[in-house]
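Below: one structure, written as structure tokens.
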Amino acid sequence: MIQQNINRIKEELGETTLVAVSKFRSLEELVDLYDTGQRIFAENRVQELLAKQDQLPKDIEWHLIGHLQTNKVKMIVGRVSLIHSVDSLKLLREIQKQSAKRDIVTKVLLQIHVAQESTKHGFAPNELVDLLADNAFDTFTHVQLCGVMSMATLTQDTNQIEEEFLKTAETFNKIKRLIPNSEHFSEVSMGMSGDYLIAKKLGATMVRIGSKIFEQV
Ligand SMILES: *Cc1c(COP(=O)(O)O)cnc(C)c1O
């Protein structure tokens, strides 16, 4: 079933990168996913990511997609290939500090808050543009800003989801014009099982899909 789901999704996605969300799934399910050839796995919790990583093949690229607490940064730096969920300057500073200590560069996305739900994390779009105008990101020698991430409101209202993804794409373009080393700033991570086709249409370069991979559709 996982193989069929993956085949169908990959065909729909074309060039867009599939980030397979493996949170809450068992090791057995993750091995099945691995056997389809999928190599980008994403978790939303640090401990769960590290535990699974230890038990699975080493050529899996792990992404962190959930809210990251500052005190857990030192556990995760060097273990993930991309952090999607950088939602504050304080967190970015800690990633810089821990990466500098290990002499590595950590790739991150800036999470933008576009949804109506206040439970979702992220920078306000204008806040990011202001920070860039203040050159707030210039000191991050050990962090590579690779793009933006967002989550749309959980709703059936397609127009609203479209508006939120458009806002994400628009913010990405604004930042790209302002940011130093903008050649690395190229990813737009948006879209989940319920809305990835809308996200793709509106410029997602990466979609994060869980349920549609692991569950019968
Ligand atoms: C769980 C999760 C997803 C995937 O959700 P599905 O609806 O299962 O595809 C994507 N992004 C984030 C940040 C998540 O926490």
Just to be sure before I move on: is ASP54 assigned to a loop (DSSP other than H, G, I, E, B), open to solvent by 20 Å² or more (accessible area, probe 1.4 Å) and more than 16 Å from the ligand (Cβ to nearest atom) in the structure I sent? no
Take VAL86 and tell me if it is within 15 Å of the ligand (Cβ to nearest atom) and surrounded by 14 or more Cβ atoms within 10 Å (Cβ to Cβ). yes
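Yes or no, residue by residue, for (1) under 21 Å from the mean Cα position of the chain (by Cα); (2) crowded, with 18+ Cβ neighbours inside 10 Å; (3) within 14 Å of the ligand (Cβ to nearest atom):
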| position | (1), (2), (3) |
| --- | --- |
| ILE6 | yes, yes, yes |
| ILE9 | yes, yes, yes |
| GLU15 | yes, no, no |
| VAL19 | yes, yes, yes |
| PHE24 | yes, no, yes |
| TYR34 | yes, yes, no |
| GLY37 | yes, no, no |
| ALA42 | yes, yes, yes |
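The values are calculated or read from the model by the stated rules, or taken from the named source; none is laboratory data. Just so we're clear, the structure is a prediction, and the values are computed from it rather than from any experiment. All Cβ positions, even for glycine, are placed from backbone atoms using ideal geometry, and neighbour counts span all protein chains on display. The area values use the complete protein model at the heavy-atom level, side chains included, leaving out ligands, DNA and RNA. Shrake-Rupley method; radii C 1.70, N 1.55, O 1.52, S 1.80 Å.
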